[in-house]
Amino acid sequence: MATAAATSATEPETEPKAGPKAEGEEDETKAAKTRRKVLSRAVAAATYKTMGPGWDQQEEGVSESDGDEYAMASSAESSPGEYEWEYDEEEEKNQLEIERLEEQLSINVYDYNCHVDLIRLLRLEGELTKVRMARQKMSEIFPLTEELWLEWLHDEISMALDGLDREHVYDLFEKAVKDYICPNIWLEYGQYSVGGIGQKGGLEKVRSVFERALSSVGLHMTKGLPIWEAYREFESAIVEAARPIAGFLSPFDREQTFDSQLEKVHSLFRRQLAIPLYDMEATFAEYEEWSEDPIPESVIQNYNKALQQLEKYKPYEEALLEAEAPRLAEYQAYIDFEMKMGDPARIQLIFERALVENCLVPDLWIRYSQYLDRQLKVKDLVLSVHNRAVRNCPWTVALWSRYLLAMERHGVDHQVISVTFEKALSAGFIQATDYVEIWQAYLDYLRRRVDFKQDSSKELEELRSAFTRALEYLKQEVEERFNESGDPSCTIMQNWARIEARLCNNMQKARELWDSIMTKGNAKYANMWLEYYNLERAHGDTQHCRKALHRAVQCTSDYPEHVCEVLLTMERTEGTLEDWDIAVQKTETRLARVNEQRMKAAEKEAALTQQEEEKAEYRKRARAEKKAQKKKKKTRGADKRKADEDDEKEWGDDEEEPASKRRRVENSVPPAGEAQDLEAEIGLFGKSAPVDVEPPSKQKERAAAMKRDVPRVLHDSSKDSVTVFVSNLPYSMEEPDVKLRPLFEACGEVVEIRPIFSNRGDFRGYCYVEFKEEKSAIQALQLDRKNVEGRPMFVSPCVDKSKNPDFKVFRYSTALEKHKLFISGLPFSCTKEELEEICKAHGTVRDIRLVTNRAGKPKGLAYVEYENESQASQAVMKMDGMTIKENTIKVAISNPPQRKAAEKPEAKGPGGPMVPRQIYGARGRGRTQLSLLPRALQRPSTAVAQAENGPAPKPEVTTSTVTEAPKMSNADFAKLLLRK
């Protein structure tokens, strides 16, 4: 029963694949052309054959239908006139694709997708030998998923004809269960071993496989039950087979055979009921029904205890069931819980479960391996996990370094460690510093092998040759790829020099190494000279110490005072009078030169600052003069327009204005009372304006003047959660609310769209969109960067900047993203589709973003997101320096600089803080708009103005008083404004 249930658990994975294959095979059998097609169909048929009652046919090698196919193949060979060797277009296409994939793998053996595609095509074409070799190569580099292993195992099982083939399948199962924790593979392993029970040691083999399966996945709360049931079903079948003859056995033989076998089943029930698993109640009921004797009290107590434990684990299991893959956060919480409980077997199990779905997360592997290194310390288990870690994440240098340490810690052979290090060098790290780190880890290992009590040894020579090779590798391989060695401070060479000086007593070699370090651009740093001085101080002589400090005084440019102080201190305690005089002279000369250089630099900086100030003052005066000239022209133009208006009124010529202007003027016509007041105010300047009929120019001026008095729509900050701010719209957009409404109504019901206009009635390029529901506003944020009339539209949340001054909307990450590439130098004509076609050859592309300016024009930059870090690192190696449309592109891992908030300078005038200007809209009044009120008449505003159509920043309350200007008459005021 259990075996059948376990078998049915695997059927949903195989049946969907078997359906279309079987239909295709019936059609192809009628028109079989080649033996290759026949073999391909035989493999496919054997692969998807369900394990169960047809086991005997599988052991015999081929089924009846397979025999018919082989018969048809032999008849095809005997009658070549009827069946000729011919390749259709699909076969030719597959062969070309196979050749391309093989060539790609010869260039980059770490291309995971190429391996998968090659195996699929070879299997489709019936290349049995090649597909086996391809699988072996891939399994040596990468751990295979459960689906790939099951497919491989089914193929090998279908071709296993004798005992040797069965042993080969056993070896394959052993490899499969080491990659990931796979309950289905263990179940297949147990069932397959049952088929070999008739061979020598077959029974012990079956029990060994099932016991190992229980140790691996028996604690799995959701998937461990089928393993227990399959094992119990196997042992129960032996009991039922022995029951008929049990009555004819002697008491001794019965106890040795039947009773002992019966006890095995009891033991399995008791062991299972002591473990918290789903559906425990059904197992307990089955045990009660099966057992002839009452269940012992100790078993019931263990069962109740397991039920209590199950209740503690259920919240974490339910969280995993409800979450979507890869469920990393849920697994992390589960791991933390298991770490507190402290059961090593369960901790290991939850780590393995988490890694099945998060095998490309280096931090998870590091945490798992660190736990094993510090807690369990079991050699085979620790090394196995480290090996799987570097196979899953070969681009992570920390995993390789930990692997080397673990191998050294557990006494692995030196040759094996060296081979592992060579694999690390070819893993394709994504930073130059990673290569420095892995070399340093390997050199540390070689240094610990050397017995420095001997003057010369094989290990010491190997260490020195490794140092030499490391320096050459960083100079040639790493610099060629990254344009940097990754070791600017020469840490590897420094360590080599310290080893030669301290452990080998070879100061001559150490001095040569430090001389090379200084010639690589490090002579200007004081700390480098002091490191060398300390080394000479400890293992050299005073003469070389003095020589090093004298050179440091001349070369150091960052902290020369510190080096001079060290030199004087040494001469004060150890030197002669002559040495002291020389040191004083050199240090004084050097410090004088340094101070002179610093003074020149300060003067140069001051001169540059003064030039900038003069330029700013010049621009300020130029703007003031330009404004004054503009004001004069405006006054003269007004007089001229007055004369023209009188003529127009006399002749009765009233030209019709454009509709848009007329509409704005009509909307801003003041009431009758306000018109009279305006006429009276104009009379102050000695000029009267006609009331009944006004020319268009006068209407435009009055409309602009009266627009300030029109009641404005105030923004309700309580609706910020249902409002979005839309900007970077074209200024030429007519009727923005009408054009934008269909776009935003796709996200939900729109209550209002409020475009912002200037005082002249021009659209300012931004607006507010209010929705009925908050989820609609959140969905509208997805429209950010959508092209509207040739410009990318910016959509951001509506946030009160006065309450959140540091709020910035930037939707993209500014941290290091190892799975994302930054590409520069692209031709402006390059499209997203063209770039995707180039990038997808190196892995699965998740997203591509072409960078544009505010006008929507391309900037020649792009971000390409891959599925994982490995694909991104390979793409960097292959695409960097590539030519696209005669442009050479640069490709690197995305690591943009941090976005720094702009400093807010304090605006202060000569007489104290400036008076807060009146606020219009969320952005305030434009810089080019002048206040018509004379500065002498300005008063600090006490009331906080609220912004039109948006939240307004709160101006700071100033306590300083403004000096009152002397009172002026109306005539003085008119002369002031009309002065030419």
Considering segment 118-146, residues that are acidic (Asp, Glu) and in a helix (DSSP H, G or I), and then whichever is most open to solvent (accessible area, probe 1.4 Å), we arrive at Glu140
Per the filter on segment 170-187, residues within 16 Å of Trp228 (Cβ to Cβ) and not aliphatic (A, V, I, L, M) are Pro183, Asn184, Trp186
Expected single match for exposed (fewer than 12 other Cβ atoms within 10 Å of the Cβ), without any contact (Cβ under 8 Å) to a residue 60 or more places away in the chain, out of contact with any Gly (no Cβ under 6 Å at 6 or more places or on another chain) and of a type in the set (Lys, Arg) among Lys305, Lys312, Lys223 is Lys312
Regarding Gln779, is this residue among the polar types (S, T, N, Q) and touching a residue at least 40 places away in the same chain (Cβ under 8 Å)?
no
Taking segment 871-884 and keeping only residues that are part of a loop (DSSP other than H, G, I, E, B) and either in contact with an Asp or Glu (Cβ under 9 Å, 6 or more places away or on another chain) or farther than 16 Å from Gln431 by Cα (or both), one is left with Gly881, Met882
Over segment 150-164, the set of residues surrounded by fewer than 14 Cβ atoms within 10 Å (Cβ to Cβ) and not hydrophobic (A, V, I, L, M, F, W, C) is Asp162, Gly163
Over segment 552-579, the set of residues part of a helix (DSSP H, G or I), surrounded by 15 or more Cβ atoms within 10 Å (Cβ to Cβ), of a type outside the set (Asp, Glu) and out of contact with any Leu (no Cβ under 8 Å at 6 or more places or on another chain) is Cys555, Leu568
Of the listed residues (Asn534, Asn506, Asn527), the one being under 27 Å from Lys453 (Cα atoms), open to solvent by 70 Å² or more (accessible area, probe 1.4 Å) and not acidic (Asp, Glu) is Asn534
Selection from segment 840-885 of residues open to solvent by 20 Å² or more (accessible area, probe 1.4 Å), within 16 Å of the chain's Cα centre (by Cα) and of a type in the set (Ser, Thr, Tyr) yields Thr844, Tyr863
Cβ pairs under 6 Å, 6+ apart or interchain, first in segment 152-179 and without any contact (Cβ under 8 Å) to a residue 60 or more places away in the chain, second open to solvent by less than 20 Å² (accessible area, probe 1.4 Å) and among the charged types (D, E, K, R), ordered by first then second residue, are Trp152/Arg135; Val169/Glu156; Leu172/Glu156
* To do: Please indicate, with yes or no, whether at least one residue in segment 415-435 is open to solvent by 30 Å² or more (accessible area, probe 1.4 Å), within 33 Å of the chain's Cα centre (by Cα), of a type outside the set (Gly, Ala, Ser) and within 25 Å of Leu148 (Cβ to Cβ).
  => yes
Pairing a residue in segment 865-886 that is on the phi > 0 side of the Ramachandran plot with any residue that is buried (at least 19 other Cβ atoms within 10 Å of the Cβ), where Cβ atoms lie under 7 Å and the two sit 6 or more apart in sequence or on different chains, gives Lys885/Cys830
So the helices (runs of 4 or more DSSP H) completely within segment 414-513 holding 2 or more residues that are modelled with pLDDT of 95 or more are 414-425, 432-449, 458-473, 491-498
Of the listed residues (Gly201, Gly190), the one being within 28 Å of Tyr170 (Cα to Cα) and surrounded by fewer than 20 Cβ atoms within 10 Å (Cβ to Cβ) is Gly201
Filtering segment 328-370 for residues that are under 27 Å from the mean Cα position of the chain (by Cα) and not in a helix (DSSP H, G or I) leaves a count of 4
Pairs returned, first residue in segment 800-828 that is aromatic (Phe, Trp, Tyr) and modelled with pLDDT under 70, second residue that is assigned to a loop (DSSP other than H, G, I, E, B) and surrounded by fewer than 13 Cβ atoms within 10 Å (Cβ to Cβ), beta-carbon separation under 9 angstrom, 6 or more apart or interchain, are Phe810/Arg899
### Query
Any chance segment 90-104 includes a residue that's under 28 Å from the mean Cα position of the chain (by Cα) and either modelled with pLDDT of 85 or more or not hydrophobic (A, V, I, L, M, F, W, C) (or both)?
yes
Residue count, segment 758-778, condition of a type in the set (Ser, Thr, Tyr) and in contact with a Lys or Arg (Cβ under 7 Å, 6 or more places away or on another chain), comes to 2
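The values are calculated or read from the model by the stated rules, or taken from the named source; none is laboratory data. Please read these numbers as outputs of a predicted model, since none were measured by experiment. In this analysis, Cβ positions are derived from the backbone assuming ideal geometry, glycine residues included, and neighbour counts consider all displayed protein chains. What goes into the accessible areas is simple: the full protein's heavy atoms, side chains included, and nothing from ligands, DNA or RNA. Shrake-Rupley method; radii C 1.70, N 1.55, O 1.52, S 1.80 Å.
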